[in-house]
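Have a look at the structure below, then the notes.
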Amino acid sequence: MYNKYSMRAEEFIDHQEILDTLQYAEENKNNKALINRILEKAKPKRRGRETVCEGLDHREALVLLSCELPEVTEKIYRLAEQIKLAYYGNRIVIFAPLYLSNYCVNGCRYCPYHLENQNIPRKKLTQEQIRQEVIALQDMGHKRIAVEAGEDPVNNPIEYILDSIQTIYSIKHKNGAIRRVNVNIAATSVEEYRMLKEAEIGTYILFQETYHRDSYLELHPTGPKHDYNYHTEAMDRAMEGGIDDVGLGVLFGLERYRYELAGLLMHAEHLEAVHGVGPHTISVPRIKRADGIDPDQFSNGISDEIFEKICAVIRIAVPYTGMIISTRENKSVRERVLRLGISQISGGSRTSVGGYSEQARPTDTEQFDVSDQRTLDEVVRWLMEMELIPSFCTACYRAGRTGDRFMSFCKSGQILNYCHPNALMTLQEYLEDYATEQTKQIGARLIAEELKKIPDCKVRKRAEQWLGKIAEGARDFRF
Ligand code: SAM
């Protein structure tokens with residue numbers, strides 16, 4: 001029986017409820033009156049000084065996703081853009097993945113790191129090699145990374161991950177610093193999540209891959225990841241361990257996308273119902289070519305158009321949740337979805353173990369083909385040319401604005417007084433320390449224009465002062 005308050009995976013991701021939702025969506029996909037009510041419900045509304053969005057439940061979201069009327073799709077896109085601007089403005093947070101180890105004991109059929117793959121060299125970075133990687137990332141200008149590792153209790157035990165996080169935070173090379181380490185490692189115990197919290201991680205990210213239990217079992221035939229319930233209930237254990245920023249995701253292409261979106265939103269509703277706070281982020285990866293992995297062998301691949309619509313519907317359904325897109329997607333897809341709700345992107349990424357310390361892009365241990373192979377400087381410039389602000393900000397997490405505190409901060413409309421100047425100051429740091437001349441010039445113009453948008457004049461003056469100090473060599477100011 002479906003019950004979002006339940007702690008059991010089979011009840012909060014109830015298969016029958018997903019099937020009923022898909023049927024309801026199919027029956028109502030041309031029901032204009034209902035669709036208009038859903039769109040109206042999702043619109044941002046003023047409540048006193050706050051702009052509030054109600055979001056949508058999984059049934060409502062699935063009606064929008066299933067509707068194929070072009071005029072409705074257009075309305076969905078416009079609404080997604082409106083919500084994106086209301087909460088995230090034109091800022092785009094930048095991060096890079098850091099692959100620590102590709103040792104893995106699982107048998108995931110879509111991932112080249114699976115245990116049976118004898119083709120790829122297995123690598124695990126030493127703390128000294130991590131130092132080199134972090135220096136290379138800092139020299140590009142990164143301040144925020146996502147640590148990635150395969151699941152292997154012998155080669156990658158929690159102690160290794162914790163040591164690595166400590167190493168990453170400890171390195172201060174020139175003006176560089178990694179100020180937020182997000183972690184994407186396999187599902188684990190409450191005790192180990194508590195250790196990660198104590199190591200001061202940012203978001204704990206774990207992709208569900210697929211919410212469809214039978215497909216999940218087939219796609220993960222061996223290894224600890226085979227346990228659907230343990231994997232699906234991981235975020236509850238993470239929250240019990242004190243991590244209040246968790247990131248969900250589905251690997252699109254494994255199952256039917258409508259099924260996946262219903263499951264993903266039910267998962268978000270469950271977290272909100274039980275812990276009072278929904279997911280901090282949602283990622284939307286699609287399967288990519290990799291060693292021994294041919295995306296065409298998975299029959300549920302989705303077109304760019306469907307992908308865009310999924311992004312827009314997620315934006316509308318969970319308006320306060322950050323949305324992440326990686327370099328799995330190419331420049332033009334990234335460009336379109338940035339408008340529709342994406343708030344974080346990776347740039348200059350290497351998806352191989354030790355990839356940043358090497359001159360040429362190594363491919364032998366890549367987890368997946370990188371479609372967007374531009375440098376970070378090119379990504380930063382490209383964003384600014386679209387009048388988006390590349391942000392290297394990590395202030396919320398360092399000021400304790402996580403979990404429900406972040407959500408209420410987001411709703412309170414203080415974003416223009418906090419996030420906006422913080423984004424501009426971290427961009428200024430990037431321009432001073434790492435940018436090419438051309439990027440610097442575009443950036444200086446953008447910062448001057450964007451400063452004018454800060455509503456509180458005291459905050460604006462203070463931001464101007466701090467920007468001046470950054471130009472003189474000081475670093476790390478934040479509201
Ligand atoms: N090992 C960890 C786990 O079990 O969750 C996570 C780390 S893994 C390096 C990160 C994610 O990459 C996986 O959760 C999966 O969704 C994604 N991935 C694996 N193979 C992929 C492929 N061929 N194309 C795109 N993404 C892939």
Inverse of <1/r> over all distinct C-alpha pairs of region 130-259, i.e. the Kirkwood Rh in Å, gives 15.8
Of region 252-277, those with amide N under 15 Å from the point 7 Å along the Cα→Cβ vector of Q16 are none
Extension length gain for R256 and Q82 (0.36 nm per residue less Cα distance), in nm, is 59.8 nm
On the accessible surface of the chain, probed at 1.4 Å with all protein chains in place, carbon and sulfur together account for a percent value of 48
Two pseudo-spin positions, 7 Å from Cα along C-beta at D139 and at R47, lie apart in nanometres by 5.1
Over all viewing directions the Cα convex hull of region 101-174 casts an average projected area in nm² of 5.6
For Q127 and E40, extending 7 Å from Cα along the Cα-Cβ vector and measuring point to point gives, in nm, a value of 6.2
Whole-percent tail of the Cα-Cα distance distribution for region 1-159, cut at 20 Å, equals 71
Given a 1.4 Å probe, the accessible area of the chain per residue, as a whole number of Å², is 39
Taking r as the C-beta separation of A399 and D294 and R0 as 41 Å, the FRET efficiency to the nearest 0.05 is 0.35
XL table K84/K225; K84/K458; K4/K143; K331/K461; K84/K123; K440/K461; Cα-Cα > 30 Å flagged, in table order, is K84/K225; K4/K143; K331/K461; K84/K123
Scoring the chain by relative contact order with C-alpha pairs under 8 Å, at least six apart, yields a percentage of 19
Total charge of the residues flanking R144 in space, meaning their Cβ is under 9 Å from its Cβ, with Lys and Arg +1 and Asp and Glu -1, is +3
Taking N as the number of residues in region 204-316, the ratio of its alpha carbon radius of gyration to 2.2 N^0.38 Å works out to 1.08
For region 341-441, the Kirkwood Rh over every pair of distinct alpha carbons, in Å, works out to 15.7
In whole percent, the Cα-Cα distances of region 406-479 spread across 5 Å bins from 0 upward as 3, 16, 27, 24, 16, 8, 4, 1
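Would you kindly calculate the translational diffusion coefficient of the chain, applying Stokes-Einstein with the Kirkwood radius from alpha carbon pairs, for 20 °C and a viscosity of 1.002 mPa s, and quote it in µm² s⁻¹ without decimals?
Estimated diffusion coefficient is 94 µm²/s.
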Check: C-alpha center region 125-185 vs C-alpha center region 1-66, spacing in Å is 38
Stokes-Einstein D for region 65-132 (10 °C, 1.306 mPa s, Kirkwood Rh from Cα pairs), in µm²/s, comes to 94
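So, R0 is 30 Å and r is the distance between the beta-carbons of E54 and E387; what FRET efficiency does that work out to, to 0.05? All intermediate terms of the calculation are to be shown ahead of the outcome.
Numbers: r = 29 Å, r/R0 = 0.96.
The calculated FRET efficiency here is 0.55.
The values are calculated or read from the model by the stated rules, or taken from the named source; none is laboratory data. Please read all numbers here as calculations on a predicted model, not as lab measurements. Don't worry about glycine lacking a Cβ; one is built from the backbone with ideal geometry, like all the others, and counts go over all protein chains shown. Ligands, DNA and RNA are excluded from the accessible area calculation, which covers all protein heavy atoms including side chains. Shrake-Rupley method; radii C 1.70, N 1.55, O 1.52, S 1.80 Å.
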